[in-house]
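Read-outs: derived from the displayed coordinates by stated rules, not from any lab. Fair warning: this is a prediction, and the values are worked out from it, not measured in the lab. All Cβ positions, even for glycine, are placed from backbone atoms using ideal geometry, and neighbour counts span all protein chains on display.
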Amino acid sequence: QKEVEQNSGPLSVPEGAIASLNCTYSDRGSQSFFWYRQYSGKSPELIMFIYSNGDKEDGRFTAQLNKASQYVSLLIRDSQPSDSATYLCAVPYTGGFKTIFGAGTRLFVKA
Amino acid sequence: DVKVTQSSRYLVKRTGEKVFLECVQDMDHENMFWYRQDPGLGLRLIYFSYDVKMKEKGDIPEGYSVSREKKERFSLILESASTNQTSMYLCASSLVLGQVSYEQYFGPGTRLTVT
């Protein structure tokens, strides 16, 4: 059974701090990794993807991937109250069309 | 601007009714998916389709069926609605690279209440 694990939270950080969201996955063959943000009552939207080991930066967001440890993380710098949402880690199956979603981490950014 | 649309944002149906949820994407994506999302349970895959008229069961297909007669349209059917099918239903589509799905684009969701 292929799995994606996330700490459900809630994770609470003060405005301006760095929020660190973590995800582990079980399929060693996985090649691509996605982070989605979901506001309450809305559908998920893609915010980051990463394929290679190391860091990938996009504005205030940094995705980090360590395939040896089967670990992917999302860092949000200078967190804003508007970043308060649930963040879903997603890993496409290898050899199939499905994507496994983690249960999500709820983030609260306090003003 | 890529778009996935769903036929209704809110729907209220009675137990035993046949319910149709429709999803349309304008991105020429091969893959389409139906999920339900419940508090504390995350996204659960009901069915997906990797080509026209092709479908595969997801993790929770019981009580549901699907139809994909055209590439852009994927329908979810609740044959006889029950109260435990009250949920948020999300449709998504994605490109395929090799046999691996790329990023998924989600529709706005349909909140279905079965009374």
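Structure values in brief
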{"item": "Net charge of neighbours whose Cβ lies under 14 Å from the Cβ of A:Ser69, counting Lys and Arg as +1 and Asp and Glu as -1", "result": "0"}
{"item": "Exposure proxy order (Cβ contacts within 10 Å, fewest to most) of A:Met48, B:Met88, B:Met32, B:Met27", "result": "B:Met27, B:Met88, A:Met48, B:Met32"}
{"item": "Protection-proxy order for peptides B:76-82, B:106-112, each taking the mean of Cβ atoms within 10 Å per residue, highest first", "result": "B:106-112, B:76-82"}
{"item": "Compactness of chain A - radius of gyration and Dmax, Cα, Å", "result": "13.4, 44"}
{"item": "Alpha-carbon spread of chain B, three principal axes, descending order, Å", "result": "42, 29, 27"}
{"item": "Choice from A:Thr94, A:Thr86, A:Thr62 showing the highest fluctuation, given a GNM over chain A with Cα pairs closer than 10 Å", "result": "A:Thr94"}
{"item": "Against the rule of thumb 2.2 N^0.38 Å, how large the Cα Rg of the protein assembly as shown comes out", "result": "1.02"}
{"item": "Projected label distance in nm at B:Val52 and B:Glu69, using a 7 Å step from Cα toward the beta-carbon", "result": "1.2"}
{"item": "Point-to-point label distance, A:Ser12-B:Val96, nm (Cα→Cβ direction, 7 Å offset)", "result": "4.6"}
{"item": "C-alpha center-to-center spacing [region B:48-95, region A:37-73] in angstrom", "result": "27"}
